[in-house]
Amino acid sequence: MSTENKSQPERALTLQVKAIGLIVNPVAGMGGAVGLKGTDGKEIVDRAMSLGAKPVAPVRAQVFLSELKPVKSGVRLVVGAGSMGEDEAKSSGFTYEVLGVRKKETGAEDTVAIAKKMVDAGVALLVFCGGDGTARDILRVVGRALPMLGVPTGVKMHSAVFAVNPQAAARVVMRFLYEALPIREAEVMDVDEKAFREGRVSAELYGYVLAPYEPHLIQANKVASPMTESELRNHAAIGVYIIENMKPDVIYIIGPGTTTRTIGDLLDAKKSLLGVDLFYNKKIVANDVNEKQILEAIGGKPAQIIVTPIGGQGFIFGRGNQQISPEVIRRVGLDNIIVVATEGKLRSLKSLRVDTGDPNLDAAFLERKMKVVADYQTKYVIRVE
């Protein structure tokens, strides 16, 4: 058989084995479903756990490694000790080298220490499972010393270093190994979590890292909506249309964003900018709710979900609205999802994206196109990728 006809797994045997670093932030993303908008700091982690939060990062890391298995003969993993990568590598059957010491509780200082060791170890690519906070920690010691790639695991992910989901991250790594993907500078952004919980977005650029570039598999950085007069009029027109078409005795689960907040403004209700709120018969009945509260509220009642895509990225689920979990979406039904976005936001998007954390649910979205309300009585049909 010629080299050209070999499959990727077979070709892996002929390649020089490359070292890929893997760091897992075991608490990343735990604040999402419980409505805490992040897990920076031990106090918030403890609070998330008290609210019943479940680990997200280990599961996402295992999905990533599972997708990478076809080429594991061409990969040598260099992983953080214990829950920071070792456990996931072991359960996935990879050959690996451990850096650091296993700890019951880990923090940012452990991420920084292991990242520094990976630079010294000369890994070809550093993959991390976390959010913007984890990207910031790694930036401090890695800088542009080696390329890095984020498996999206956090609550807020504004940086341009993340793959669109764990499966895409594995595909990027495989293409990095086989096809020498181009490397570009990627922004590392983060928001002030305290301000975020108070409904204020205070985003800051912390620097640039090197990252593999594959535009279909790597998310763009978040783009804020311009508050121009025409944009505000567009928000209002969308809000009026949604309100006129609200059905009686239906619970509306309304996600975060300036477009969706306008619905609350027009109903003279104080809807949170960055939280998920519940409306019933055109009145707000619960503010800034978490997954458990949503499930309790909808029970066996009819419900609809209203969301707006992330500017520049297109995500309608899985970025900043993890309270609307896979279970919530299934209870409500895909046919009862309303997407709203201004004309200006839509011009910056080629498609919509979902990253719910449930691959089967994500696949169900990929089989359909979504109607997007873009103005009064104006809808577009946009595909989900």
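When the range 225-255 is filtered for residues that are at pLDDT below 95, out of contact with any Gly (no Cβ under 6 Å at 6 or more places or on another chain) and in a loop (DSSP other than H, G, I, E, B), the ones remaining, listed by number, are 226, 227, 228.
Among the residues of the range 91-148, those identified as among the small types (Gly, Ala, Ser) and either free of Cβ contacts under 8 Å to residues at least 24 places away in the same chain or within 23 Å of residue 63 (Cβ to Cβ) (or both) are 91, 92, 93, 100, 113, 115, 124, 130, 131, 133, 135. Just to be sure, is residue 118 touching a strand residue (DSSP E or B) at 6+ places or on another chain (Cβ under 9 Å) and either part of a helix (DSSP H, G or I) or surrounded by fewer than 23 Cβ atoms within 10 Å (Cβ to Cβ) (or both)? In short, yes. Within the range 331-347, identify whether any single residue is out of contact with any Phe, Trp or Tyr (no Cβ under 9 Å at 6 or more places or on another chain), part of a loop (DSSP other than H, G, I, E, B) and within 25 Å of residue 299 (Cβ to Cβ), and answer yes or no. Scanning the range 331-347, I find at least one residue that is out of contact with any Phe, Trp or Tyr (no Cβ under 9 Å at 6 or more places or on another chain), part of a loop (DSSP other than H, G, I, E, B) and within 25 Å of residue 299 (Cβ to Cβ), so the answer is yes.
Among residues of the range 28-87 being at positive phi and at pLDDT 95 or above, the one that is surrounded by the fewest Cβ atoms within 10 Å (Cβ to Cβ) is 82. The residues listed here are 377, 293, 323; of these, the one that is in contact with a Phe, Trp or Tyr (Cβ under 7 Å, 6 or more places away or on another chain) and closer than 26 Å to residue 248 by Cβ is 377. Taken together, the residues in the range 307-327 that are touching a helix residue (DSSP H, G or I) at 6+ places or on another chain (Cβ under 6 Å) and among the β-branched types (Val, Ile, Thr) amount to 1.
With respect to the conditions (1) surrounded by fewer than 16 Cβ atoms within 10 Å (Cβ to Cβ); (2) over 22 Å from residue 384 (Cβ atoms), residue 261 falls short on a single one, namely (1). Restricting the range 351-377 to residues that are outside any helix (DSSP H, G or I), without any contact (Cβ under 8 Å) to a residue 60 or more places away in the chain and in contact with an Asp or Glu (Cβ under 8 Å, 6 or more places away or on another chain) leaves a set whose member that is nearest to residue 55 (Cα to Cα) is 356. Restricting attention to the range 293-308, the residues being in a loop (DSSP other than H, G, I, E, B), farther than 20 Å from residue 244 by Cβ and modelled with pLDDT of 95 or more number 0. The residues on offer are 188, 172, and the sole one that is under 27 Å from residue 62 (Cβ atoms), assigned by TED's automatic domain parsing to the domain that holds residue 135, part of a strand (DSSP E or B) and modelled with pLDDT of 90 or more is 188. Within the range 193-224, the only residue that satisfies the criterion of being among the acidic types (Asp, Glu) and modelled with pLDDT of 85 or more is 214.
Taking the range 268-292 as the range and being touching a residue at least 60 places away in the same chain (Cβ under 8 Å) and either assigned to a loop (DSSP other than H, G, I, E, B) or surrounded by fewer than 20 Cβ atoms within 10 Å (Cβ to Cβ) (or both) as the test, the residues that pass are 272, 273, 274, 275, 276, 288, 289, 290, 292.
The values are calculated or read from the model by the stated rules, or taken from the named source; none is laboratory data. Source: prediction; values computed, not measured. Neighbour counts are summed over all protein chains in view; Cβ atoms, including those assigned to glycine, are modelled from backbone coordinates with ideal geometry.
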